[in-house]
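*Asks:* Quick one: this structure, given as C-alpha cells, is what I'll be asking you about.
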Amino acid sequence: MRLDGALKAHLARVALPDFGMPETMPVLPPAIYTARLGRLRERAEAGGYDRLVVYADREHSANIAYLTGFDPRFEEALLIVGPSGDPALLVGNECYGTAGAAPLPLRRHLFQDFSLPSQPRDRSRPLAEILSEEGIARGTRIGVVGWKTYGDRERSDVPAFIVDELRQIAGPGGVENATGLLIDAADGLRVTSEVEQLAYFEWAACQTSQGVRNLIFGLHPGLRELDAVRLLEWNGTPLSCHLMLTAGPRARFGLLSPSDRRIERGDPFTTAFGIWGALNCRAGFVAADARELPAAISDYVERLVAPYFEAVGEWYRALRIGVTGDVLYDIVERRLGDPFFGIFLNPGHQLHLDEWVNSPIGPGSRVELRSGMALQVDIIPATGTDHFTTNIEDGVALADESLRRGFASKYPAAWQRIEKRRRFMTDVLGFELHPDVLPFSNIPAWLPPFLLEPGSAMTLS
C-alpha cells in the first residue's frame, strides 16, 4: 500500500458543502449497558477475576460511563462488578442522587471520602467494610480498572488508599491492573462500538466539526480569542477536553485556553473542540495567502502543508479493516520522518467518550484494525519553527458490510451525511477511501492553510 510519488498536494479553490446536521441526538437503550456488563463479566471470568473494581473521577470517567451510563461530577466513584447481580457503586454526597439516573440498575453505597473537602463525612461506613460486603475477601483475585495499563500489572493509577485497602483484604498477589479488559488496543471492550454508539459518535462529530467550521468562516482580525471561541457554539454536551484556541505567540505552546488577546493578521492560530465521542482540530495562519506571511515562511504550504497533506492522503488510502497499525505508522514515518516535521505522537488513535482510549498505531504494531473501531486521524507536526504547524484532526469509524447495512437501515439520515462526506473527499479532495471508512466530520479532511481564505483548501492529484 505504498503511493510513493503518486500523490501531489495542491492548494485549490474548494467549495465546502453543507453536509447537514442531525435533528436529534441518538440515545443508547438500557439493553446496551446490560450487554456490556455481560461481556465484561465474561472477560473477568476468563481472566480468573472474582471481582472487578472500576475507578472514575471527573477527568477519567469513560470506563464507568461506558458500563453504566453514569459519570461522576465533582467527585470520584468506584464500581464493583461481581459474577452476578446488580453492580455496586460507591459515590460521594453529591453523586449519590445523580447515580439514580443511570440506565443500568445499580446498588448505591454512600462513601463520603469521595466527596469534596470539608463536606460531611458522618454517614458512610469504612471502605474495608463496604468492600468486604461486596465479596472481596482473603484469597479473592481482584482486577482493578483505572485509566492506563503498565508493563507491570501490579502498577495502577487508581488512588493508593483504594488499592492499598484492596491488597490488605485480598492478600499478596490478589490485586492487579485489569484496565486492558476495557482499553487494550487490540480487543478491549471499548475499542469497538455498537451501531448505536457509532451513531452517537457521528452526532457528536457533527457538533464539534460544525463548530470549527463556523469558527473558521467567522474568523477575522480584531476578534478577541474569547469571542472567537463562542463561534464554536458549544451546546453543553460534556467536553472530552477543555476548549482550546490560541493565536499569536501563545499558539506555539498548544493546548492552551483562549485569552482576551485580539487576533491579528499574520498570527499562527490553532483550535480544538472535543465532546464525548468526537474532537476536531485545525491550525494555520490568520492570513489570506502566503504573501501575508513573513518572507522566511512564505513557503509554508510547499514546505509543511503539502507534504503533510500527502501523508494524510496515503494514510487514508491504507485505512481499512484488517490493516495493521505498523502500516499506518510507517506511512507517516516515511513521509514525515524528517526532524523538521516533529511528529512524535502516534499518528492516529482510538476514540470513545474520552478523546484518547488507546492506539494500535505504532512502530512494529501487529494490531489489526477491526470493524466498529472509532479512530481519530491525529497526525500533528510540531516543527518548533516559525512554520508553526498544520492539522486536519477528524474522527472516522471502520465498518464491515454488515455494520454498514445496519447503520444505513437504523440511521438513514446519518448514513446520507456519511456518503456525502465520502463523495466530497474522493471527488473533490482527491482521496481514495476503502468502503470500510466512514467519515464523521462535517469538515472531512478539509484543510485551508490560510484561515482568512477558507475557499482555498488542499487537494490531491
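*Asks:* Collect the residues in the stretch 27-60 that are of a type in the set (A, V, I, L, M) and surrounded by 14 or more Cβ atoms within 10 Å (Cβ to Cβ), keeping them in residue-number order. Quick ask: steps written out before the conclusion?
*Replies:* As a first pass, look at the stretch 27-60 and keep what is of a type in the set (A, V, I, L, M): 27-28, 31-32, 35, 37, 40, 44, 46, 52-54, 56.
Correct list: Leu28, Ile32, Leu37, Leu40, Ala44, Leu52, Val53, Val54, Ala56.
*Asks:* Being open to solvent by less than 70 Å² (accessible area, probe 1.4 Å) and within 31 Å of the chain's Cα centre (by Cα) is true for just one of Ile183, Ile136, Ile130. Which residue is that? Reasoning before the result, please.
*Replies:* Values: Ile136 fails: within 31 Å of the chain's Cα centre (by Cα); Ile130 fails: within 31 Å of the chain's Cα centre (by Cα).
Criteria check complete, one pass: Ile183.
*Asks:* Of the residues Gly384, Gly395, only one is in a loop (DSSP other than H, G, I, E, B) and closer than 25 Å to Cys241 by Cβ; which?
*Replies:* Among Gly384, Gly395, only Gly384 is in a loop (DSSP other than H, G, I, E, B) and closer than 25 Å to Cys241 by Cβ.
*Asks:* In the stretch 289-306, what residues are hydrophobic (A, V, I, L, M, F, W, C) and either part of a helix (DSSP H, G or I) or closer than 14 Å to Leu447 by Cα (or both)?
*Replies:* Within the stretch 289-306, Ala290, Ala295, Ala296, Ile297, Val301, Leu304, Val305, Ala306 meet the criteria.
*Asks:* Give me the residue from the stretch 246-260 that is over 25 Å from Ala296 (Cα atoms) and not hydroxyl-bearing (Ser, Thr, Tyr) and, out of that set, surrounded by the most Cβ atoms within 10 Å (Cβ to Cβ).
*Replies:* Pro258
*Asks:* Which numbered condition in (1) assigned to a helix (DSSP H, G or I); (2) under 30 Å from Gly406 (Cβ atoms); (3) of a type outside the set (Asp, Glu) is the only one that Ala186 fails?
*Replies:* (1)
*Asks:* Now for a different question. Is one or more of the residues making up the stretch 277-288 part of a loop (DSSP other than H, G, I, E, B), open to solvent by 30 Å² or more (accessible area, probe 1.4 Å) and closer than 23 Å to Arg421 by Cβ?
*Replies:* Scanning the stretch 277-288, I find no residue that is part of a loop (DSSP other than H, G, I, E, B), open to solvent by 30 Å² or more (accessible area, probe 1.4 Å) and closer than 23 Å to Arg421 by Cβ, so the answer is no.
*Asks:* Given the criterion under 28 Å from Ala306 (Cβ atoms), crowded, with 23+ Cβ neighbours inside 10 Å and among the small types (Gly, Ala, Ser), identify the matching residue among Gly384, Gly348. Walk me through it before giving the result.
*Replies:* On the way: Gly384 fails: crowded, with 23+ Cβ neighbours inside 10 Å.
When all the criteria are applied, what remains is Gly348.
*Asks:* Return the total of residues in the stretch 307-351 being more than 20 Å from Leu255 (Cβ to Cβ) and in a loop (DSSP other than H, G, I, E, B).
*Replies:* Total meeting the criteria: 9.
*Asks:* I would also like to ask the following. Of all the residues that make up the stretch 407-434, how many are touching a residue at least 60 places away in the same chain (Cβ under 8 Å) and under 30 Å from Pro29 (Cα atoms)?
*Replies:* In the first step, residues of the stretch 407-434 are kept if they are touching a residue at least 60 places away in the same chain (Cβ under 8 Å); the result is 407, 410-411, 413-414, 416-418, 420-421, 424-425, 428-434.
Remaining after also requiring under 30 Å from Pro29 (Cα atoms): 407, 410-411, 413-414, 416-418, 420-421.
The total comes to 10.
*Asks:* For the stretch 331-344, which positions are surrounded by fewer than 20 Cβ atoms within 10 Å (Cβ to Cβ) and modelled with pLDDT of 95 or more?
*Replies:* Across the stretch 331-344, the qualifying residues are Glu333, Arg334, Gly337, Asp338, Pro339, Phe340, Gly342.
*Asks:* If we keep just the residues of the stretch 131-146 that are of a type outside the set (Val, Ile, Thr) and touching a helix residue (DSSP H, G or I) at 6+ places or on another chain (Cβ under 9 Å), which is farthest from Ile169 (Cα to Cα)?
*Replies:* Step by step, filter the stretch 131-146, then rank; the result is Gly146.
*Asks:* Sticking with this one: Looking for whichever is out of contact with any Asp or Glu (no Cβ under 9 Å at 6 or more places or on another chain), among the charged types (D, E, K, R) and under 18 Å from Ala44 (Cβ atoms) here; the options are Glu165, Glu134, Glu129. Which one fits?
*Replies:* Glu134
*Asks:* Something else now. With respect to Val377, determine if the residue is under 28 Å from Arg303 (Cβ atoms) and out of contact with any Ser or Thr (no Cβ under 8 Å at 6 or more places or on another chain).
*Replies:* So Val377 fits the description; yes.
*Asks:* Right, here's the next one. State all residues of the stretch 150-170 that are assigned to a loop (DSSP other than H, G, I, E, B) and either basic (Lys, Arg) or touching a Gly at 6+ places or on another chain (Cβ under 6 Å) (or both); if no residue qualifies, say none. Quick ask: steps written out before the conclusion?
*Replies:* As a first pass, look at the stretch 150-170 and keep what is assigned to a loop (DSSP other than H, G, I, E, B): 150-159.
Arg153, Arg155, Ser156, Asp157, Val158, listed by residue number.
*Asks:* Could I ask something else about it? Hey, among the residues in the stretch 159-172 that are open to solvent by 10 Å² or more (accessible area, probe 1.4 Å) and touching a residue at least 24 places away in the same chain (Cβ under 8 Å), which one's nearest to Ile136 (Cα to Cα)?
*Replies:* Within the stretch 159-172, the match that is nearest to Ile136 (Cα to Cα) is Ile169.
*Asks:* When you scan the stretch 5-23, how many residues do you find that are touching a residue at least 40 places away in the same chain (Cβ under 8 Å) and either within 23 Å of Leu353 (Cβ to Cβ) or of a type in the set (D, E, K, R) (or both)?
*Replies:* Summing the residues that are touching a residue at least 40 places away in the same chain (Cβ under 8 Å) and either within 23 Å of Leu353 (Cβ to Cβ) or of a type in the set (D, E, K, R) (or both) in the stretch 5-23 gives 5.
*Asks:* Going through Thr24, Thr98 one at a time, which residue ends up being loosely packed, with under 15 Cβ neighbours inside 10 Å and not aliphatic (A, V, I, L, M)? I'd like the intermediate steps shown before the answer.
*Replies:* Working: Thr98 fails: loosely packed, with under 15 Cβ neighbours inside 10 Å.
One residue alone meets the criteria, Thr24.
*Asks:* Within the stretch 209-239, how many residues are surrounded by fewer than 19 Cβ atoms within 10 Å (Cβ to Cβ), of a type in the set (A, V, I, L, M, F, W, C) and within 19 Å of Gly395 (Cα to Cα)?
*Replies:* Counting residues in the stretch 209-239 that are surrounded by fewer than 19 Cβ atoms within 10 Å (Cβ to Cβ), of a type in the set (A, V, I, L, M, F, W, C) and within 19 Å of Gly395 (Cα to Cα) gives 2.
*Asks:* In the set Asn391, Asn442, which member is touching a helix residue (DSSP H, G or I) at 6+ places or on another chain (Cβ under 6 Å) and surrounded by 16 or more Cβ atoms within 10 Å (Cβ to Cβ)?
*Replies:* Selected residue: Asn442, the only one of Asn391, Asn442 that is touching a helix residue (DSSP H, G or I) at 6+ places or on another chain (Cβ under 6 Å) and surrounded by 16 or more Cβ atoms within 10 Å (Cβ to Cβ).
*Asks:* Just for the stretch 363-379: of the residues that are small (Gly, Ala, Ser) and crowded, with 17+ Cβ neighbours inside 10 Å, which one is farthest from His434 (Cα to Cα)?
*Replies:* For the stretch 363-379, the residue satisfying everything is Ser365.
*Asks:* Taking Glu292, is it acidic (Asp, Glu) and touching a Pro at 6+ places or on another chain (Cβ under 6 Å)?
*Replies:* Numbers: acidic (Asp, Glu): yes; touching a Pro at 6+ places or on another chain (Cβ under 6 Å): no.
For Glu292, the condition - acidic (Asp, Glu) and touching a Pro at 6+ places or on another chain (Cβ under 6 Å) - is not met.
The values are calculated or read from the model by the stated rules, or taken from the named source; none is laboratory data. Predicted model only: the values in this text are computed from it and were never measured. Ideal geometry is used to build each Cβ from the backbone, glycine not excepted, and the neighbour counts take in all protein chains shown. With ligands, DNA and RNA removed, areas are computed over all heavy atoms of the protein, side chains included. Shrake-Rupley method; radii C 1.70, N 1.55, O 1.52, S 1.80 Å.
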